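All of the numbers you see were taken from the coordinates with simple rules; none came from a lab. Small disclaimer: the values here were computed from a predicted structure and weren't measured. Every residue, glycine among them, receives a Cβ derived from its backbone with ideal geometry; neighbour counts consider all protein chains shown.
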């Protein structure tokens with residue numbers, strides 16, 4: 001017998017003190033607030049959040065958020081008392097307060113074993129009857145037989161056969177196919193999820209994910225799934241993509257924990273388990289003070305030549 005489907009709720013923090021974290025919950029109710037008993041607990045000094053601010057409850061295969069706060073709870077910018085949630089919804093805890101994105105995924109379905117009938121006790125065995133054992137006779141030792149000596153064989157030297165090495169397919173020849181694989185990308189307030197790969201990222205409206213960034217091209221990169229891992233392909237031919245601060249040989253595999261720069265000037269992402277990409281904050285490059293406020297160069301004044309002749313000095 002099967003239990004109801006297990007659904008895992010993922011709350012991706014996109015603004016606030018927990019920004020960048022992803023929390024997962026498998027219970028039928030999630031309590032949110034500052035109180036120590038809350039499942040999602042915000043810092044005690046964040047007083048805009050109520051002690052018991054809101055809760056998310058499961059109803060069948062749907063989830064509903066209920067507000068219990070003073071300063072309000074918002075879903076996609078609209079203040080609510082209660083509302084049903086769907087994948088990708090952005091929840092604001094107070095206006096201008098912490099923001100999370102709501103996602104769900106299906107967990108494992110547990111099997112409940114059927115009741116096994118208890119077998120009836122076996123009938124008692126009859127008491128064993130004594131059997132007269134024959135008296136053992138002394139054993140006669142066997143006559144030893146001569147041990148045949150092995151005939152020496154000439155030693156043959158065998159030439160080891162080379163072990164065939166597996167042929168690895170070059171990464172540049174990996175065939176890109178349409179496959180079912182999850183991918184979640186968080187960039188600023190936007191959280192986009194995909195269930196099928198490949199996808200393209202760029203600034204053009206035809207891209208699957210349009211990102212507005214001055215360093216990106218119309219069709220910048222392609223992300224696909226092949227040979228058991230997520231991979232990224234450079235579509236610009238400019239070799240600007242970096243993984244862990246190293247230029248890639250396109251297409252390159254993405255491993256959980258990698259840092260991905262789509263160009264040296266960003267945008268940048270943390271690649272995490274399960275095909276999740278979270279935006280990284282890139283510190284702005286500081287301009288040295290001598291460039292901001294250059295010291296004006298001093299112009300050398302021409303040397304004034306003394307006027308007057310020696311004759312004038314002597315007789316003037």
What ranking do 223, 47 get, fewest neighbouring Cβ atoms within 10 angstrom at the top? 47, 223
Burial ordering of 184, 100, 210, fewest other beta-carbon atoms within 10 Å first: 210, 184, 100
Classified through the alpha carbon gyration tensor (a ≥ b ≥ c as square roots of its eigenvalues; rounded if a/c is under 1.5, else prolate when a/b is larger than b/c, else oblate), segment 32-81 comes out oblate
Most exposed to least, judged by fewest other Cβ atoms within 10 Å, 187, 230, 84 sort to 84, 187, 230
Could you grab the relative contact order for segment 179-280? Cα pairs under 8 Å, six or more apart, rounded to a whole percent. 22 percent
In nm, the gap between the two label points placed 7 Å beyond Cα toward Cβ at residue 29 and residue 218 is 5.5 nm
For segment 7-106 the translational diffusion coefficient, Stokes-Einstein from a Kirkwood Rh over Cα pairs at 4 °C and viscosity 1.567 mPa s, in µm²/s, is roughly 98 µm²/s
Largest first, please: the extent of the C-alpha atoms of segment 179-280 along each principal axis, to the nearest Å. 30, 28, 22
Radius, Kirkwood style, for segment 1-41 when every pair of distinct Cα atoms is counted (Å): 11.8 Å
